[in-house]
Structures are given as C-alpha cells and as structure tokens.
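Any read-out appearing in this document is the output of simple, stated calculations on the displayed coordinates, not a laboratory observation. In this text, all values refer to a predicted model and were calculated from it rather than measured experimentally. Note that each Cβ is placed from the backbone with ideal geometry, even for glycine, and that neighbours are counted across all protein chains shown.
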C-alpha cells in the first residue's frame with residue numbers, strides 16, 4: 001500500500017512537472033524562407049478571427065512568393081503583399097482583437113505586478129501576456145518573436161500583412177495591435193533578413209530582389225505526420241520553468257556580484273522551445 | 001539691434017538643438033566582418049581600463065582573424081580567442097569597472113525613475129545608463145548593442161574577449177559586467193551572425209568554419225580622414241531627441257487607440273545613429 005501511494009505521488013509529480021509540451025499542429029504555421037523554416041505558434045484563444053483569416057490565407061497559398069518588404073533593425077519584419085493587389089478570398093478587414101475578457105479556467109501565472117507597462121505581466125497558455133484585473137481584460141505582449149497583424153490607423157483594418165518583432169520589446173504596441181502568435185523556431189532566420197532604411201519610406205525595401213522571400217507557408221496540421229518538425233515548448237506551469245524563474249529572481253550564481261532588485265522582465269523570460277532531443 | 005538679438009537667439013537655439021554629433025574617432029572601433037563593417041563607440045568615461053586595453057588589443061591586431069565563437073539567439077554574440085592561447089602584450093586581468101561614482105559635470109537625463117531595474121534610468125554621454133543617487137553610483141545598461149568584456153566568475157577577470165548584446169535587454173548583467181561601448185552602426189550584421197546551441201557547451205560553435213569571422217579591427221582615429229565613415233549619433237540633449245521621447249510618452253498619434261501608461265523603456269529608446277546624409 002505504501003508503495004502504491006508512492007507510485008501515485010510520482011506519477012502526479014511527473015504530470016505537473018512535465019517541462020515540455022508539443023503544440024497542436026493545427027496551431028502551427030511553417031514559413032519556408034530561402035534560409036530555412038520559421039515556425040509560428042498561433043494563439044486562437046486570444047485572436048480567433050485573426051488566426052482564422054491567417055490560416056485561411058496560408059491554406060490558399062496567399063503568402064507563397066511574397067516577401068518581408070519592411071524590415072527595421074530593432075523593431076519589426078513585416079511580410080505580405082506590399083502591392084495590396086494580390087487576389088484572395090480572405091482579404092476582409094478584421095475586427096480588432098487587441099484585448100479580451102479575463103479567461104476563466106486558463107492559468108495566468110503572474111511574473112510581475114506591475115511590470116513597467118502592465119498592471120500584471122505573466123504567462124497565459126505559453127505566451128507572455130498582460131492583465132488588468134480592474135478593467136477585467138488581458139492581452140498578448142510585444143516581446144521579441146511576437147506575430148501580429150499590421151493595420152492602418154483604424155483599429156479594424158488588418159487584412160493580410162503581418163509583422164514579427166525582432167528587437168527590444170516594442171511594448172507601446174501592446175493593446176494596440178491584434179497579436180495572434182509567436183515564433184517558436186527559426187528566429188535567427190528572421191534576424192538575418194535584409195533591412196530597410198527606417199528614414200526612407202518607413203523602412204520599405206524598394207527593390208523586391210533585395211527582400212527576404214517567403215517561399216511558401218503551410219499549416220503543420222495539413223502535412224503528413226512524418227513531415228512535422230518535432231518542436232516542443234516549455235510548459236509555463238512546469239516545475240522546471242518556475243524554478244528557472246525563481247533562480248533568475250535571486251541571482252544566486254557566484255557569477256553575479258550584484259544581486260539585482262528581484263524584478264524580472266517578462267520579455268527576457270519567454271518559455272523556450274526546442275527540437276525534441 | 002533687434003536683428004542682432006534675433007540672430008544671437010537663432011545661434012543659441014541652433015547650438016542647443018543640434019540633433020547629431022560626430023563621435024571622436026579615437027573612441028570608435030571598426031570591426032570588419034565578412035559581411036561589412038560594425039562600428040563600436042567606446043565609453044572611456046565609464047570604463048577607462050577596459051577601453052584602454054581593448055584599444056591596445058585592437059592596435060596590436062589581436063582580434064584580426066578571430067571570430068564570434070559563442071552566439072546565442074536573443075542574448076549575446078561573444079568574440080575573441082576561444083582557445084585563450086593567442087599571444088598578446090595586453091592580456092592582463094582587468095580590474096572590474098561595473099559602476100563608477102556619480103559624474104559631476106556630465107548631464108544625466110532621467111527617462112524613468114525608477115525603471116523596472118534601476119532607481120534612475122537615463123542618458124549619460126549618449127549611452128543608456130542607470131543611476132543610484134543614494135549609493136552615488138552610475139553604470140551603463142545592457143540594451144541591444146551594448147559592448148562589454150566577458151569574464152569568469154571573479155569580478156576582476158576580464159582580459160580580451162567581449163560580447164555584444166543582441167536580444168531583449170539582459171538587464172541582470174547591469175552592475176555585473178564592465179560595459180565599455182555600444183554598437184552605433186552595423187547591428188544587422190551582428191544579428192545575422194551564425195548561432196550556437198545554448199544547450200550545448202554554453203552556445204559555443206564547435207566548428208571554427210561555421211563561426212562569423214572578425215577580419216580585422218581598427219581604431220578609426222588611426223585611419224586617414226578620408227577612410228572615416230561619416231557616422232553621427234543623436235545628441236541626448238537635443239530638442240529633437242527630447243521631443244521624440246515626449247511624443248513616445250503621450251502616444252498622440254491617431255495610430256494608437258490605447259495611450260499607454262506614460263512609461264518608456266530606455267532600451268527601446270536609444271539615441272539613433274546614421275551615416276551623414
């Protein structure tokens with residue numbers, strides 16, 4: 001009997017402390033660049049309309065042959081159709097999804113309350129998120145690798161073109177843009193994209209030949225299983241992830257002579273991802 | 001007489017609002033990579049010993065033919081001599097320069113007080129800096145593009161190898177490392193360097209052929225004037241720079257529907273640099 005109890009404990013510990021999860025392939029988009037594959041994990045729980053339209057565009061082949069036409073060092077890589085002329089059955093203007101009502105049931109792990117910008121910053125379903133308990137809303141943060149829809153001045157004006165943040169977190173875009181995913185694999189390929197000059201034409205690269213190309217985009221779930229990349233993401237509720245955050249907070253390593261003030265920047269502490277070892 | 005006064009006013013306005021400064025070529029190092037030139041502005045006012053040794057190593061040709069051997073996405077590109085065997089007359093262990101006493105005479109422009117990590121964050125001689133008025137010390141911040149000397153666990157152990165931060169600001173390194181400069185030109189070339197795997201051998205790239213090379217490093221001031229790059233940096237005390245910060249704080253553009261909380265992240269708002277137009 002004692003052995004049985006011990007076994008049951010072991011199992012439950014294992015369940016709670018599982019460090020790596022395999023994202024749902026139906027929520028993964030593979031962007032094939034000339035330099036390799038970039039993987040985006042989508043966030044339909046936060047931006048269902050944007051996720052749906054993005055996936056429809058991917059399945060239609062809309063992005064195939066288009067490029068990252070506006071790439072600004074330290075800010076964003078924007079991809080899609082700079083001409084705005086490519087035909088599509090899925091180009092409708094999207095109603096903004098900047099924030100959503102507080103989730104019931106999905107764990108929000110608070111990291112800082114407040115951080116520099118949000119009343120609460122933490123983790124929601126593996127994404128860096130902000131939360132305002134008074135206004136009862138939450139949203140996804142602009143950290144490096146965040147994927148969101150570009151738009152005009154009007155809130156409800158996103159259609160097809162998206163950006164990936166690649167520099168210091170542009171947190172002023174939080175609650176202003178519809179974030180619908182994040183890059184979990186291949187960020188170095190985004191970092192290596194050719195840049196535009198931000199002082200000329202908002203950073204748009206004039207010559208299409210000088211732009212980084214999107215060869216094709218596919219939804220992973222549409223591929224046969226043997227073509228899936230074996231990507232795993234750190235589980236925000238795992239003991240391992242929480243332990244790393246606790247260690248970062250106290251800076252106990254002998255490497256650190258100044259031990260900080262106990263605060264953590266959520267955009268520096270994103271759940272990591274890896275190819276299955 | 002009225003005309004004279006007006007002229008004098010114009011001149012003084014021009015002096016105070018000069019947006020761009022030309023850094024001292026003796027404080028600039030050109031790193032020649034296979035992909036182009038990266039320019040580092042040195043900060044002898046903060047780390048005189050590290051700056052002096054780095055310049056001596058550059059002038060000796062120490063870095064020529066070495067490489068960026070440890071490059072971790074979202075963290076740092078570390079360059080120098082991974083073998084630790086290359087001979088040099090300037091390899092002495094450096095006494096740490098993590099912080100220094102408050103400057104008299106150099107303007108410190110406060111941006112946030114406190115920011116998430118420092119009692120005060122602001123600008124000091126064109127660099128992002130932290131300040132603790134109680135402890136009466138200041139230091140340079142780890143923002144993207146910061147250049148600092150690598151070291152072992154001991155504070156006074158830096159010698160030749162340096163790193164350039166390339167992801168979300170690793171602010172836990174503030175007051176723990178001797179920052180002696182920042183990249184003011186060519187960051188996209190640093191961003192495009194081949195990465196190591198942080199889970200294997202701390203991100204060191206095993207095969208030297210796969211590492212980004214440093215062809216040579218030179219002090220700009222040692223070159224004839226016609227070989228100087230015409231680089232300018234935004235002046236922290238200029239009206240133009242201060243106006244941009246004020247606009248960022250209020251987010252008055254019609255693009256922004258949520259107007260933020262009035263806070264700014266200093267590492268997102270570094271003085272810009274450019275080639276003279």
Checklist entry - Hey, how many Å between the Cα centroid of the range A:174-234 and the Cα centroid of the range B:158-173? => result 26
Checklist entry - So for the pair residue A:110, residue A:251, with labels modelled 7 Å out along Cα→Cβ, what separation do we get in nm? => result 2.4
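Across the residues of A:185-193, average count of Cβ atoms on other protein chains within 10 Å? List each step's numbers first, then the result.
On the way: counts 0, 1, 4, 8, 1, 2, 10, 8, 3.
Counting other chains' Cβ atoms within 10 Å and averaging over A:185-193 gives 4.
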Checklist entry - How high is the relative contact order of chain A, in percent, with contacts defined as C-alpha pairs under 8 Å that are six or more residues apart? => result 28
Item to check | Inter-copy label distances at residue A:136 (7 Å, Cα→Cβ; nm, one decimal) | outcome: 5.4
Next on the checklist: Between helix B:239-250 and chain B, what is the angle of the helix's C-alpha long axis to the longest principal axis, kept within 0 to 90° and rounded to the nearest 10?
Outcome noted: 90
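So, R0 is 22 Å and r is the distance between the beta-carbons of residue B:64 and residue B:152; what FRET efficiency does that work out to, to 0.05?
Values: r = 25 Å, r/R0 = 1.12.
Plugging the Cβ-Cβ distance into 1/(1 + (r/R0)^6) gives 0.35.
Calculate, for residue B:210 and residue A:210, the FRET efficiency according to 1/(1 + (r/R0)^6) with r their C-beta to C-beta distance and R0 22 Å; round to the nearest 0.05. Present the calculation step by step, with values, prior to reporting the outcome.
Details: r = 25 Å, r/R0 = 1.16.
Calculated value: 0.30.
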Next on the checklist: For the range A:121-277, take N as its residue count and report Rg(C-alpha) divided by 2.2 N^0.38 Å.
Outcome noted: 1.23
Checklist entry - Hey, rough spin-label estimate for residue B:237 and residue B:200, points 7 angstrom out along Cα→Cβ, what's it come to in nanometres? => result 5.2
Item to check | Cα gyration tensor shape for chain B, rounded if a/c is under 1.5, else prolate or oblate | outcome: prolate
Checklist entry - Once the principal axes of the Cα atoms of the range A:50-190 are found, what is the range along each, listed largest first in whole angstroms? => result 44, 29, 27
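Calculate the all-directions average of the projected area of the range B:232-271's alpha-carbon convex hull, and give it in nm².
Result: 3.3 nm².
Using a 10 Å cut-off on Cβ atoms, rank the peptides A:177-184, A:124-131, A:266-273, A:80-87 from the highest mean neighbour count down. Walk me through the intermediate numbers first.
Values: A:177-184: 26.5, A:124-131: 23.1, A:266-273: 21.4, A:80-87: 13.6.
Result, highest mean first: A:177-184, A:124-131, A:266-273, A:80-87.
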Item to check | Position residue A:263, label points 7 Å along Cα→Cβ, spacing to each other copy in nm (shortest first, one decimal) | outcome: 0.6
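At 20 °C and a viscosity of 1.002 mPa s, what translational diffusion coefficient does Stokes-Einstein give for the range A:26-87, taking Rh as the Kirkwood radius over Cα pairs? Give it in µm²/s as a whole number. Intermediate results must be reported in sequence, preceding the final value.
Numbers: Rh = 13.0 Å.
The Stokes-Einstein estimate is 165 µm²/s.
What do you get for Rg/Rh over the protein assembly as shown if you use C-alpha atoms and the Kirkwood form of Rh?
Numbers: Rg = 24.3 Å, Rh = 25.0 Å.
Rg/Rh: 0.97.
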Checklist entry - Say each of residue A:136 and residue A:34 gets a label point 7 Å from the Cα, pointing the same way as Cα to Cβ; how far apart are those two points in nm? => result 5.2
Checklist entry - Quick one: label points 7 angstrom along Cα→Cβ at residue B:92, distances to the other copies in nm, smallest first? => result 7.3
